[in-house]
Amino acid sequence: MAASYESPSEYIQHHLTFLTKPVGDGGFWMINVDTVVTSLILGFIGLGFLWLVTRRATSGVPSKTQAFVELAVGFVNDQVKSIYHGQSLWVAPIALTVFIWVVLMNAMDFLPVDIMAMIYGWFGIHNWRSVPTADVNTTFALALSVFALMIIYGIKSKGIGGWTKELFVAPFGNHPLLWPFNFLFQIVEFVSKPLSHSLRLYGNIYAGEIIFLLLGMWAASGLVGTAFSGVLNLGWAIFHILIVLLQAYIFMMLTIVYLAMGEEHH
Amino acid sequence: MNFNLTLIMQAVAFTAFIWFCGRFIWPPLMRAIETRQKQIADGLAAGEQGRKELANAEKRDAEMLAEAKARQAEIVAIGEKFKAETIEQAKIDAKAEGDRIVAAARAEIEQEVARAKEQLRDAVAELAVAGATKILKKDVDTKVHAELLAQLKRDL
């Protein structure tokens with residue numbers, strides 16, 4: 001540990017504090033600089049890599065890098081094709097963007113928290129959280145964007161009238177007595193979709209981060225504890241590879257499913 | 001869990017990333033993949049076509065080979081027949097030639113024999129004349145006795 005802490009809770013607190021810059025009055029007008037900067041860098045790295053490969057993409061014999069990218073693209077494309085049967089060509093790029101970005105943001109969890117804190121400290125930065133998806137703002141931003149896209153897709157495919165009508169006549173049927181229940185049901189669905197979408201990812205990654213921190217606290221109990229902490233951290237990191245990829249996959253799948261559902265006629 | 005402006009910024013970044021991906025990454029990559037898929041499908045179809053053509057060619061080949069073999073057998077049969085006929089003819093010719101040679105030889109021999117007889121007759125006549133001359137101790141006039149001698153020669 002680079003800095004010494006008074007208590008375990010202070011250690012954890014320190015690692016869970018955002019680098020926040022206020023830009024206006026009130027609690028909302030603040031920016032988590034660490035989240036925004038890290039996620040932007042990761043987005044540029046991920047999409048930039050894809051873009052570089054795309055620029056040199058050939059329909060002949062692909063290079064190994066291109067084959068790898070095509071594997072990921074083909075995987076996303078298969079998922080989209082099996083779930084979404086509409087006309088839009090944007091669902092697949094959305095899914096790919098979500099997958100690549102979320103994988104990279106989740107993967108920041110693999111960076112050892114204390115070593116990263118030390119490195120950030122050299123630049124005079126304290127309280128820098130590396131994992132953007134452990135910030136509820138990021139996951140909600142993604143989930144609400146998908147939610148907005150879902151509504152846009154719905155209105156585009158059914159028209160504003162058809163979409164509004166469906167709020168009242170689905171899923172129980174078109175009868176004036178059923179309208180309130182239908183509407184209530186739809187509202188619950190609308191609220192639950194982005195909520196479960198974002199909180200699932202946030203919860204998993206945040207919990208993963210906390211467990212890394214808790215395991216890291218063993219290091220406070222001396223040399224043996226440090227070694228023990230290293231072993232445990234390694235084990236959790238290996239298991240975390242699964243969580244990182246699985247959560248990104250689930251997030252992508254839900255994105256596709258929600259967009260498909262938005263367009264679907266009841 | 002406190003929401004702040006980060007949410008908006010992340011949503012804006014997300015939208016921008018989606019736009020970039022859907023504009024510059026997804027279409028060219030899919031185009032490359034689909035072009036390759038088409039090329040592979042075309043290649044496979046061409047291979048299938050080639051295999052079919054090869055099978056056809058092999059069939060044609062076998063037919064031509066069988067035909068050629070039949071023709072060859074026919075030619076061999078004709079040749080053998082011709083050979084046998086030629087040999088037969090040669091034998092007949094040779095026999096005829098041999099017979100002719102033998103006949104000629106025989107005729108010659110007979111001729112020789114006749115000539116020898118003639119000479120012998122002459123010699124005998126002369127010998128007889130000479131003998132008679134000696135016996136008569138008197139020259140026999142050959143001219144006078146020519147008739148006689150010719151008679152003698154004929155009788156011999």
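The values are calculated or read from the model by the stated rules, or taken from the named source; none is laboratory data. Quantities reported herein were computed from a predicted structural model and do not represent experimental measurements. Glycine gets a Cβ as well: all are built from the backbone with ideal geometry, and neighbour counts include every protein chain shown. Ligands, DNA and RNA are excluded from the accessible area calculation, which covers all protein heavy atoms including side chains. Shrake-Rupley method; radii C 1.70, N 1.55, O 1.52, S 1.80 Å.
Brief remarks follow.
- Extension gain, B:Ala132-B:Lys95: 0.36 nm per intervening residue step, less the Cα-Cα distance, totals 7.9 nm.
- Proximal lysines to B:Lys143, defined as alpha-carbon separation beneath 27 angstrom and excluding residues fewer than eight positions away on the same chain: B:Lys117, B:Lys134, B:Lys153
- Dividing the convex hull volume of the alpha carbon atoms of the stretch A:139-266 by its residue count gives 102 Å³ per residue.
- Largest GNM mean-square fluctuation among A:Met253, A:Met105, A:Met30, using chain A with Cα springs under 10 Å: A:Met30.
- Compared with the dominant Cα axis of chain B, that is its longest principal axis, helix B:26-136 is turned about 0°.
- Cα gyration tensor category, rounded, prolate or oblate, for the stretch A:1-144 with a/c compared to 1.5: prolate
- Prolate/oblate/rounded call for the stretch A:1-56, Cα gyration tensor, a/c under 1.5 rounded: oblate
- Helix runs (DSSP H) in chain A reaching 27 Å along axis by Cα, Kyte-Doolittle at least 0.0: A:33-55, A:64-83, A:136-169, A:179-216, A:223-263
- Between the stretch B:106-156 and the stretch A:183-244, the alpha-carbon center distance in angstrom: 160 Å
- At an R0 of 25 angstrom, the distance between the Cβ atoms of A:Phe239 and A:Phe190 translates into a FRET efficiency of 0.15.
- Accessible surface of A:Ile160 - all protein chains present, 1.4 Å probe, nearest 10 Å²: 110 Å²
- Bridgeable aspartates and glutamates around A:Lys21 (alpha carbons under 20 Å apart, same-chain partners fewer than 8 residues away excluded): A:Asp34, A:Asp135.
- Taking all protein chains as they are arranged and a probe of 1.4 Å, the heavy atoms of B:Glu63 leave approximately 110 Å² accessible to solvent.
- Taking packing as the residue-averaged number of other Cβ atoms within 10 angstrom, the listed peptides A:135-146, A:12-23 run from highest to lowest as A:135-146, A:12-23.
- Residue-level accessible surface for A:Tyr120, protein heavy atoms, 1.4 Å, Å²: 40 Å²
- Other residues lying with their Cβ under 14 Å from the Cβ of A:Tyr120 contribute a combined charge of -1, Lys and Arg counting +1, Asp and Glu -1.
- Shape category assigned to the stretch A:62-218 from the gyration tensor of Cα positions, a/c cut at 1.5: oblate
- In this assembly, the A-B interface accounts for approximately 3500 Å² of buried accessible surface in total, computed with a 1.4 Å probe and without ligands, DNA or RNA.
- Greater than 26 Å apart at Cα, pairs in B:Lys69/B:Lys91; A:Lys81/A:Lys158; B:Lys38/B:Lys59: B:Lys69/B:Lys91; B:Lys38/B:Lys59
- Percent of Cα-Cα distances greater than 29 Å, calculated over chain A: 45 percent
- Candidate aspartates and glutamates for bridging to A:Lys156, where Cα separation is under 20 Å - those fewer than 8 sequence places away on the same chain excluded: A:Glu166, A:Glu189, A:Glu263, A:Glu264
- Principal-axis tilt of helix B:146-155 within chain B, Cα atoms, nearest 10 degrees: 50 degrees
- Between helix B:5-20 and chain B there is an angle of about 20 degrees, using the helix long axis and the longest principal axis of the Cα atoms.
- Mean residue ellipticity, 222 nm, helices only, the protein assembly as shown: the sum of -39500 (n - 2.57) across DSSP H runs of n ≥ 4, divided by residue count and rounded to 500, is -28000 deg cm²/dmol.
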